[in-house]
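Structure record follows, encoded as structure tokens.
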Amino acid sequence: MLPIQTEEIPSEIKEYLFNIDSIKFPRQGYGSDVGLIENNQGFYALKRTKGQVNCSLLNREVKVINCLTNETNLPIPKVKIFVEKKFKNESWALVEFIEGETVRTALYNEKNNEKRQEIIFNFGNLLRQIHSTPCPNELIGERPWLDQMLCNAELNFKKNNEDGTKKLLEKIKSIKPNEFKQTLIHGDYTIDNILVNKGVITGVIDWGGGAYGDPRYDVSLAIRPKLNAFENETDKQTFFEGYGGKIIDDILYDYFVKGLYEFF
């Protein structure tokens, strides 16, 4: 996607901001354009999506964020204004800017192992807080989360937009793990979606997958190996110490990360 141009920003957002001093562009998401806006009142993040699918995802993310900022104390950026331009098949969300770098960046740059482990511990501890937070009624689906995800996986496979295969789809449908107490989940709890400043977690972004679901999915995605992160057992052990215990084994990890996640 091309970066957002000032003249493209909806008038409703321009009126809210009153003036725009600058726009910068961080690493872009797969389904959206993101710009960091500065004006005389501070900083904001502006997200734009195009097309029915991506606009639907942004619409849902805004709904999740609004529910959680109204009913919880989790460190989530508030939505300032949401604009749908249906005739252009576009959606725009202006959200509060939270200072910090991603956990991925922080771990990559931090050379002191003690401080690295502190970040990982806090990363796990925040997930425990999310899973311990009562889920707003608006986010509780009519059917079990995993059943809905398997249904969505099949739909995504038929659209041929994902990495999963028919064989893998049949496998994860046939070996569905035992039921587990559902909780509020993030749905994409990775080191790219958690912000940290000087070792302290400052915010959680990208809530499009937020739901009343299986916390083992969040935990599995959280510990996926990345460059200089979760490449060894020490990092995983520190994460689970922060989380307060280990709720997955290798079989569950493979089911969620190497199975279900392949379709999303």
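What follows draws every value from the coordinates through simple rules; no lab data is involved. Given the structure is predicted, the values throughout are model-derived calculations rather than measurements. Cβ coordinates were reconstructed from backbone atoms using ideal geometry, including for glycine residues, and neighbour counts include every protein chain displayed.
Annotations for the structure displayed:
- Distance in nm between pseudo-label sites at Glu96 and Val83 (7 Å out along the Cβ direction from Cα): 2.2
- Fully extending the segment from Ile251 to Gln5 would add 83.9 nm, taking 0.36 nm per residue of separation and subtracting the current Cα-Cα distance.
- Straight-line cross-link partners of Lys86 among the lysines, defined as a Cα under 29 Å from its Cα and at least 8 positions apart when in the same chain: Lys14, Lys24, Lys47, Lys50, Lys63, Lys78, Lys158, Lys159.
- Part-to-part distance (alpha-carbon centres) for region 28-100 and region 160-231, which is given in Å: 20
- Geometric extent, Cα atoms of region 167-264 - Rg, Dmax (angstrom): 13.9, 45
- Values (1) -0.51, -1.03; (2) -0.43, -1.06; (3) -0.43, -0.96 are given for comparison; log10 I(q)/I(0) by the Debye sum over Cα atoms at q = 0.09, 0.14 Å⁻¹, derived from the coordinates here, is the one labelled (2).
- For the chain, the relative contact order comes to 20 percent (Cα pairs under 8 Å, sequence separation of at least 6).
- Our estimate of slack between Leu155 and Val200, defined as 0.36 nm per intervening residue step minus the Cα-Cα distance, is 12.3 nm.
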